[in-house]
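The values are calculated or read from the model by the stated rules, or taken from the named source; none is laboratory data. Worth saying up front: this structure is predicted, and the values here are computed from it rather than measured. Cβ: placed from backbone, ideal geometry, glycine included. Neighbour counts: every protein chain shown.
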Amino acid sequence: MSIFTKVKDKIIHHKEEKEIIIEEIKNQKVKVKAEREEVKKEVKEKVSKEEKKQKKEVSEEKIEEEKPAEKSSKPAKKRASKTKAIDEAAKIKAATMMGKLLTESKNPPSEGDIIEGPVINIDKSAVYVDLAPFGTGIIYGKEFLTARDIIKNVNVGDTVAAKVVGEDNEDGYIELSLKEARQAIIWSEAETAIKNRTILDLAVTEANKGGLIIQWQGISGFLPASQLKPEHYPRIADGDKEKIFDELKKLVGKRLSVAIITASPKEGKLIFSEKSPGEKDKEKMTGKYAVGDEIDGEVTGVVDFGAFVKIEENLEGLIHISEIDWSLVENPHTYLKVGQKIRAKIIDIKEGKISLSLKALKENPWVEAAKKYKKDMKVSGVIIKFNKHGALASIEEGVAGLVHVSEFGSEEKLRKNLELGKVYPFKITVFDAKEQKMALSFAGEKKV
């Protein structure tokens, strides 16, 4: 026998095997359909018998009730009430029976469900999964192509988890997706990790100007620079973003202990926060401090959002930009320098982290302002900042109010009438010293 004949016979043999498998699948589908119809018929018959039984019981109860009624002097209203109660009881009993039968019978998988089943056949463009007693699942087309990296490791007989993406296609198969099921499981695991505060040891794959990119189970997550622990945060004296980026790039390839803090499957967003392996030790260290304590420390880093202060060995606190001074602080570098010795007040302790304040050690200017100013009073103020709501005008050190953009109709007109650093007359329209809130109305002559 020639090699050509052998190869030809082998091809024919494989083709016959494939046709046998496909025929078996079709037969199984017919059998499952027949079983479904049989179950439906059985349920219907059982319910029908139960209803007839209930009707018979109700009828007998009514007859028994009517017999003494001929001799009794009981009011008709009371008898009718009892009959109605019996009818209701019968209905409840029948409904309970139906519920029991439906509960005992398995529901077929519907779109969006995650199901499991053994693989019964794999060919060049499809994978068949046994979903008895409901039929056969199929992974094909786009779902087959997107899951090739998973399918290459799957063998006949393996149990796989898949997501139902179509209940019954034109060939009678239940359409499945391996990739979507895997994604759903991963996002579920992410939610569990957040709930359990699981610490993950992961490698940094990329860096950008805002932070680091980390891969977890095939999903790219983001670790913002603000979520890095102090020893990894890029402390650049002048806050130069390019230099910060250069420092972040040095962490690429390194493994960090991180925790997932945000998981949004719809947006495909995964956010990490770096957690110190010695977090419990740090919580013990912070245990000896209390809110209200004053500490002496050394500035170890100045960043856009504040400054880090060394309180003791392996323990740092953060002074947020809003806690540096009572007056408006736009650049922490103008107030603090690395190596500077300072005294600060502890304003919060949470999860091993200490929040500090410099302004808490200074006299609150709003206390004195409350004695001097009130609503409708005319004051002079210097413009110190523009924002999307309007302009901030300071009437004295640490006491500023908002001049709303609506007063001028547009931001362009507001900036035409008010300039940074210049003094203008205003009228106080809102003044709340406790909330440190003030609103001002321009009292000068407006430029058209």
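At a glance:
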item	result
Hey, Glu189 of a type in the set (Asp, Glu) and over 18 Å from the mean Cα position of the chain (by Cα) or not	no
Qualifying residue in the stretch 171-184 (condition: over 30 Å from Ile122 (Cβ atoms), modelled with pLDDT under 90 and either polar (S, T, N, Q) or not in a strand (DSSP E or B) (or both))	no
Top-ranked residue of the stretch 130-144 - restricted to ones that are among the aliphatic types (A, V, I, L, M) and within 14 Å of Glu175 (Cα to Cα), ranked as surrounded by the most Cβ atoms within 10 Å (Cβ to Cβ)	Ile139
Within the stretch 372-389, tally of residues that are farther than 30 Å from Pro234 by Cβ and in contact (Cβ under 8 Å) with a residue 12 or more places away in the chain	12
Number of positions in the stretch 312-339 that are closer than 16 Å to Tyr233 by Cα, part of a loop (DSSP other than H, G, I, E, B) and within 34 Å of the chain's Cα centre (by Cα)	1
Evaluation of Ile214 against (1) over 16 Å from Ala259 (Cβ atoms); (2) assigned to a strand (DSSP E or B); (3) of a type in the set (Val, Ile, Thr) (one fails), failing number	(1)
Check on Glu411, farther than 19 Å from Lys375 by Cβ, in contact with a helix residue (DSSP H, G or I) (Cβ under 7 Å, 6 or more places away or on another chain) and among the charged types (D, E, K, R)	yes
Per-region count, the stretch 219-242, residues in contact with a helix residue (DSSP H, G or I) (Cβ under 7 Å, 6 or more places away or on another chain) and either basic (Lys, Arg) or under 17 Å from Ile271 (Cβ atoms) (or both)	3
Criterion (over 23 Å from Asp240 (Cα atoms), among the small types (Gly, Ala, Ser), out of contact with any Ser or Thr (no Cβ under 6 Å at 6 or more places or on another chain) and not assigned by TED's automatic domain parsing to the domain that holds Lys437) met by exactly one of Gly339, Gly297, Gly306	Gly297
Number of the exception - Glu397 against (1) at positive phi; (2) in contact (Cβ under 8 Å) with a residue 60 or more places away in the chain	(1)
Any hit, the stretch 102-116, residues being of a type outside the set (Ser, Thr, Tyr), at pLDDT 85 or above and surrounded by 19 or more Cβ atoms within 10 Å (Cβ to Cβ)	no
Some residue of the stretch 375-396 being out of contact with any Gly (no Cβ under 7 Å at 6 or more places or on another chain), of a type in the set (Ser, Thr, Tyr) and in a loop (DSSP other than H, G, I, E, B)	no
Test: residue in the stretch 429-439 that is surrounded by fewer than 12 Cβ atoms within 10 Å (Cβ to Cβ), out of contact with any Asp or Glu (no Cβ under 9 Å at 6 or more places or on another chain) and not in a loop (DSSP other than H, G, I, E, B)	no
Only one of Lys447, Lys416 that is more than 20 Å from Leu328 (Cβ to Cβ), at pLDDT below 95, of a type outside the set (Ser, Thr, Tyr) and not assigned by TED's automatic domain parsing to the domain that holds Ile383	Lys447
Residue that is in a strand (DSSP E or B) and touching a residue at least 40 places away in the same chain (Cβ under 8 Å), where the choices are Ala344, Ala369	Ala344
Filtered residues of the stretch 347-362 (kept if part of a loop (DSSP other than H, G, I, E, B) and farther than 25 Å from Lys284 by Cα)	Lys362
Residue, nearest to Asp304 (Cα to Cα), within the stretch 217-233, restricted to residues that are touching a Gly at 6+ places or on another chain (Cβ under 8 Å) and in a loop (DSSP other than H, G, I, E, B)	Tyr233
Qualifying residue in the stretch 190-213 (condition: touching a helix residue (DSSP H, G or I) at 6+ places or on another chain (Cβ under 8 Å), of a type in the set (Gly, Ala, Ser) and buried (at least 18 other Cβ atoms within 10 Å of the Cβ))	yes
Residues satisfying the stated conditions in the stretch 234-246, i.e. assigned to a loop (DSSP other than H, G, I, E, B) and of a type outside the set (D, E, K, R)	Pro234, Ile236, Ala237, Gly239
Filter result for Asn155 (loosely packed, with under 12 Cβ neighbours inside 10 Å and at pLDDT 85 or above)	yes
Tabulated pairs, the stretch 187-204, first part of a helix (DSSP H, G or I), second at pLDDT below 85, C-beta under 6 angstrom, 6+ apart or interchain	Trp187/Pro265
Any hit, the stretch 285-301, residues being more than 30 Å from Val258 (Cα to Cα) and not in a strand (DSSP E or B)	yes
Only one of Gly278, Gly239 that is at pLDDT below 85 and either among the polar types (S, T, N, Q) or closer than 24 Å to Thr334 by Cβ (or both)	Gly239
